[in-house]
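Asker: One structure, as structure tokens, below. Some questions next.
The values are calculated or read from the model by the stated rules, or taken from the named source; none is laboratory data. Only a predicted model underlies this, so the values are computations on that prediction, with no experimental measurement involved. No Cβ is skipped: glycine too gets one built from the backbone with ideal geometry, and neighbour counts run over all protein chains shown. Ligands, DNA and RNA are stripped out before the accessible areas are found, and what is left, the full protein with its side chains, is counted by its heavy atoms. Shrake-Rupley method; radii C 1.70, N 1.55, O 1.52, S 1.80 Å.
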Amino acid sequence: MTMQLDKQEVVDLLRKEGKNEHVQKALQELPDKINHEQHAAMLQQKFGIDPGKLAEKAIEKEVR
């Protein structure tokens with residue numbers, strides 16, 4: 001299942017995990033809408049984010 005995530009969700013996760021050094025880079029380099037499959041490698045390598053975890057959080061948010 002392909003999921004579109006907002007860049008803001010990635011930025012929020014980075015802040016929550018204390019990865020403030022990555023926030024500015026994410027704001028500059030990520031597109032506004034992130035395809036969690038297409039951008040998975042970049043999310044993991046550049047920002048240390050598990051794309052699966054990010055997708056789970058997005059699903060939880062939609063369910064509420």
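Asker: Would you tally the residues in region 15-37 being closer than 14 Å to Ala55 by Cα and either without any contact (Cβ under 8 Å) to a residue 12 or more places away in the chain or hydrophobic (A, V, I, L, M, F, W, C) (or both)? Explain how you work it out, then say what you get.
Answerer: Quick first cut of region 15-37, residues closer than 14 Å to Ala55 by Cα only: 33-37.
Now restrict to residues that are either without any contact (Cβ under 8 Å) to a residue 12 or more places away in the chain or hydrophobic (A, V, I, L, M, F, W, C) (or both): 34.
Going through region 15-37 one residue at a time, the tally reaches 1.
Conditions tested, residue by residue: (1) open to solvent by less than 30 Å² (accessible area, probe 1.4 Å); (2) touching a His at 6+ places or on another chain (Cβ under 7 Å).
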site	(1), (2)
Met3	yes, yes
Val10	yes, no
Lys19	no, no
Gln28	no, no
Asp32	no, no
Lys53	no, no
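Asker: Next question, about the same structure. Using the structure shown, decide if Gln38 is closer than 12 Å to Lys7 by Cα, open to solvent by 50 Å² or more (accessible area, probe 1.4 Å) and not charged (D, E, K, R). Before you say what the answer is, go through the steps one by one.
Answerer: Numbers: closer than 12 Å to Lys7 by Cα: no; open to solvent by 50 Å² or more (accessible area, probe 1.4 Å): yes; not charged (D, E, K, R): yes.
The answer is no for Gln38.
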